[in-house]
Structure formats: C-alpha cells, structure tokens
Amino acid sequence: MSQGIQKNSEVIFQRNTHFLSTAASLVPALQQHRCPALSLVNAVPDASQIHGWRTDSCGTPAGLANREFGPGEEIVVDFGTHCVGYFSLRCEAAGSPPDAPAHLQFIFGETPAEIAEPFSDYEGWLSSSWLQQEDLYLDVLPAHVRLPRRYCCRYVKIKAISTSAKFSLRLSDIYLTTVTSADPSALENLSHPDALLGQIDQVSVLTLRNCMQEVFEDGPKRDRRLWLGDLRLQALVNYQTYGQNDLVRRCLYLFAGVTREDGMVSSNLFMKPEIIADDTFLLDYALFFVATLADYIAATDDLTTQNDLWPTAVRQMELALERVGENGILHDSEDWWAFIDWHESLNKQAPAQGVLIYCLKKGWELAQRCDHPRVAWLDQQIGRLEAAARNELWDEEKGFFVSGAQAQISCASQVWLVLAGVGEEEFRARVMANLLTTPPETGMNTPYMMHHFIDALISVGQTSRAVQEIKKYWGGMVQAGADTFWELYDPKRPDFSPYGSKLINSYCHAWSCTPAYFIRKYGL
C-alpha cells in the first residue's frame, strides 16, 4: 500500500493512497431541487422569542416584479424552511437605461436574528467571514444571477446599496437550488401518534439531510467539515432513515487515509482543495473512530471495510491507553485534550474515562469478528479501567462519580461512565436516578451532550423519562421555531455561544439530529 507524507503546521501526517482512492470512489451524487421564495417578511423585535426577533409576513415575491426597488431599500424573502444551496434571482432596470452598475447586498440567515441584527456589531472570536453575506455588482441589466457560493438559510435579506439617480430595480424569480446527497425516496415517512414527537422526528431528519453533502458535514453554514464526533451520531441516524451507508464508509476511509505520523486520526478533515487533516487531536474523537466503525460493521457486515480499517481502530485504542496512569485512570491536563461538551468549567477526566471504556468495548465487538487474539487483551484493559473508575472516581457519600483534582461532579461524568457500563445495572440505574433528582451544577450545554444523556437513560430502562427529556429539550427548539436543530440550545441562556455571539452559531448542526435515531430505533 503506497504512503505519502503531508506536513500541516508542525504536524507530520501520513497519507494512505489506497484508503483515499477508496473514499474518492464513494463520492455521492448531489440531488438538486428548486425551492422558490414563498413570502416577504419583516423582522420584528419580540422579547418573547428565544433570540428576541420574530418575522411577520408582508407580501409575496410575485409582487416584486411590479415594484421599483431603489438605493437604501431592502426586502427579506422567506423560503418557508431551512435550505442549503445556491441563490438565484432575476434583476432588471426600471426607468432610464442603466448608466452605472447596480450594487446589491445579500445577507443570509438561518434565524430571524441573523437578518435583523447588523453584522457590523459582531464581536465573536470566530472569523466574521463565516457571517453569510455577499455583495454583487451588476454591470449589465437585465441579468439572471446565480451566486457562486453555497449558502445555508431560511431567510435572505436583499438590499439595494446603489444604482444611479436615473434608474431603479425590479426583482423576480427568486429561488434556491438546494443540494444534498440524501435520497428522499429511501426515507420511510413516520406517522407518529404523538404530534410533538412526530415534529421532532421531521426536524431531525431535515437536519441530517441538510448536513449530508459529499461527506457528513458538521454544519452546512459553519464549519462545513467532517468531524468525527458528529459523524458517529449522523451515522446512527442514517441507519434508521436514509440508509446511505456508503457515505459512512467514505468518511471512515477518509479519516483512516490521513493520520498523524503515529497513526492517530485527526478530529476533523477539510475537503478542499484536497483532503487535509486538521492539526486538532482529541482523545474522545479519535476513539469514536472505533465506535463508528463498529456501528457501521454491525449495520452492514462489510468485511472488506472491517479488515481494511481494523488496524486504524486498534491504533486509536493503543494511543489512548498510553495516557492511562498506573492507577488505571486517564491523566488529566489543562489543555484541550478531549472535547466531551462545550463547557468552560467541565473537567474532562472522568467522562473521558467513560468514553475510553465505551470505545474499548466497541473494539472488543470488532475483535470478536476479525482479531480473536486481541480479545483477551481488550478484556484485560476493560476490566482494569472499569475497576479503576469504581475505586478512584466513585464517591459513595455523594452518590456520584467525581473528576479531576477538584473532584468535580458533572452530568457528563455520570452519563459517560453509565454508558461505559461501569458497575452493575442496578448501580448504574441509581447513578442516573441521582442525576435526575439532584442535578450537578456542572450541567450540559449542547444537543451533543444531551444525546448521550438520553442514551444513558434508555440504557438503564428509563425510556419514559428519555421521551420526556426529548420533548422538553428538542421539543423546546421546535416550539421556539426551529426548522432544523441547533448546535447549541440552553433555554435558560438563549443567547449562549462559546464563540462570543449567537450570530455565528450553527442552527443546522449534525450532532443535534439524533432524536430520529431514538424515536425510530426504540419505537418511542
């Protein structure tokens, strides 16, 4: 198998050309659909709405053909649902022949706040280039325009910046050409007797669909990358919905195709201009390569992929175990060594211990199929780490697992050590009961962490409570007007953003699409 070398920053990567060519052979066709603008709306301040804005209808796009549109004027078109694609419109002059270019500005928003609050006020720490806007200069009119960049939106604000005093504009034929690799004919429609759960399922499925492009993107607005933590959850939903398993396979081969010099997979990949591995390495995300591969093999029984990628999975487990101390617990540190959740004060030691045990057990499932000599080694490691978690991390008096030098109690620690299967079933049920009755101060901030909370509840037989929590959390987003599920949602802090501004948050995000998995897999 031929290998190549890539240097990114100070990290040296190795490239497996066989794996990358296999991934290239699995690039999916993108399905296109014309989605016309449905209405004109105004953004109106409304303190009762989660982000402080609502939209009121003020007409239809059909009326624009007879309306003159001059400098300083703006309209907002509403496509009626969340879309990912390419924006088009027809623009013509009204009045005298155009004696200057027409300058139009477009602002694209997933939520009303994005088309209501000026981008000039943005003070977040992510690049403002992620704010979706474009300026267009038209030298010749009439013109049928298709903007070259792909956008992610429900709303588009169109503003006439400048013409000349001699002419104005008329706009018509406003539409998006949406793109996705999801095949709608493969999706079984769900008629759910619970109206809210039915809505949640529909929004989940649309969230997944809009993130399914040439890879499973984390978010079609930002970052448009293949992240391993998101991939794992998207794949689980895919098995219950679109069943496009070759896309999962493609993504696994991409991660295995570009690894750090020591064999560790990156947390995420850039797709263009070629496959480039990011120089961000996270213990939990690397381990999720093992879990994602195991889930894929369980769904497909694809022996070729299993045999090709098993060595990469083994290497992730080996590297993670190098971080385990003599006491059987992962070494803690202050750097960004594991993700777990967007939470500034969260200590990662105990939850990462849970992730490690969980993924070793997924590795054990794979070893039973293709590497029997390694089963005993995995049994030994799992037993050692489980015993250490009970002996070193469990606080009987508090009734919780603790994490780090300050013995922090967090939701994440309880959830991940329960999912890892630490302790007998009755013990794990007690941990979750304690979590429900006495929630720790260090809670959960993202749908990503909430997914694992729901999974942990189901694992201890708390299915009814899991349904309640899905309806409360994801149902809360639906009731707040979500067309697709958001990267971040905290009803107590509606403007929460780890990036310094809600305007830069992603409102169609892969890791939040998982209610459809629970609803369809478990018949909730």
inquiry  = Run through segment 92-125 and list the GluC sites (Glu not before Pro) located in a DSSP loop whose Cβ has at most 11 other Cβ atoms within 10 Å.
reply    = Glu123
message = When the expected Rg is taken as 2.2 N^0.38 Å, what fraction or multiple of it is the alpha-carbon Rg of segment 303-349?
response = 1.53
task = Please sort 290-297, 185-192, 305-312, 81-88 by packing, taking for each peptide the average over its residues of neighbouring beta carbons within 10 angstrom, highest first.
result = 290-297, 81-88, 305-312, 185-192
request  = For segment 154-305, list log₁₀ I(q)/I(0) at each q in 0.09, 0.11, 0.21 Å⁻¹, using the Debye formula over Cα point scatterers of equal strength and ignoring solvent, two decimals each.
outcome  = -0.40, -0.55, -1.35
ask   = Helix 373-388: angle to the longest alpha-carbon principal axis of the chain, degrees 0 to 90, nearest 10?
value = 90
remark   = Filtering GluC sites (Glu not before Pro) in segment 280-363 by DSSP loop and by at most 12 other Cβ atoms within 10 Å leaves Glu322, Glu326, Glu334, Glu344
note = CD proxy, 222 nm, the chain: helix-only mean residue ellipticity via -39,500 (n - 2.57) per DSSP H run with n ≥ 4, per residue, nearest 500, stands at -11500 deg cm²/dmol
task = Jot down the radius of gyration and Dmax of segment 26-100, Cα atoms only, both in angstrom.
result = 16.8, 53
remark   = Normalised per residue, the volume inside the convex hull of the alpha-carbon atoms of segment 366-478 in Å³ amounts to 134
note = D (µm²/s, integer) via Stokes-Einstein for segment 195-281, Kirkwood Rh across alpha-carbon pairs, 4 °C, 1.567 mPa s: value 95
query = How high is the relative contact order of the chain, in percent, counting Cα pairs under 8 Å that sit 6 or more residues apart?
reply = 17
ask   = Dipole magnitude of the chain about its Cα centre, charges +1 at Lys/Arg Cβ and -1 at Asp/Glu Cβ only, in debye to the nearest 20?
value = 1040
ask   = Per 5 Å bin, what is the whole-percent P(r) computed from every C-alpha pair distance within segment 436-524?
value = 3, 13, 24, 26, 17, 11, 5, 1
message = Per residue, how much accessible surface does segment 178-235 expose to a 1.4 Å probe? Answer in Å², no decimals.
response = 31
Cα extents of the chain along the three principal axes, largest first (Å) = 83, 56, 44
note = So for R0 = 30 Å, FRET eff. of Ala165-Ala62 from the Cβ-Cβ r, to 0.05, ends up at 0.60
ask   = In nm, to one decimal, how far is the modelled label at Glu123 from the one at Asp183, with both set 7 Å along Cα→Cβ?
value = 5.1
query = log₁₀ I(q)/I(0) of segment 126-237 at q = 0.20 Å⁻¹, via Debye over equal Cα point scatterers, no solvent, to two decimals?
reply = -1.19
message = Please list, in order along segment 445-450, the HN-Hα scalar couplings obtained from phi with the Karplus expression 6.51 cos²θ - 1.76 cosθ + 1.60 (θ = phi - 60°), rounded to whole Hz, x for Gly and Pro.
response = 10, 10, x, 4, 6, 4
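Taking segment 199-269, which GluC sites (Glu not before Pro) meet the DSSP loop condition and have no more than 14 other C-beta atoms within 10 Å?
In loop regions of segment 199-269 (DSSP not H, G, I, E or B), the sparsely surrounded GluC sites (Glu not before Pro) are Glu261.
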message = Quick check: the distance between the Cα centres of segment 451-524 and segment 339-372, to the nearest angstrom?
response = 22
ask   = So, with a 1.4 angstrom probe, what is the percent of accessible area on segment 186-295 that is carbon and sulfur?
value = 43
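The values are calculated or read from the model by the stated rules, or taken from the named source; none is laboratory data. Note that this is a predicted model, so its numbers are computed, not measured. Every residue, glycine as well, gets a Cβ built from its backbone with ideal geometry; the counts of neighbours run over all protein chains shown. Heads up: the accessible areas ignore ligands, DNA and RNA and are worked out on the full protein's heavy atoms, side chains in. Shrake-Rupley method; radii C 1.70, N 1.55, O 1.52, S 1.80 Å.
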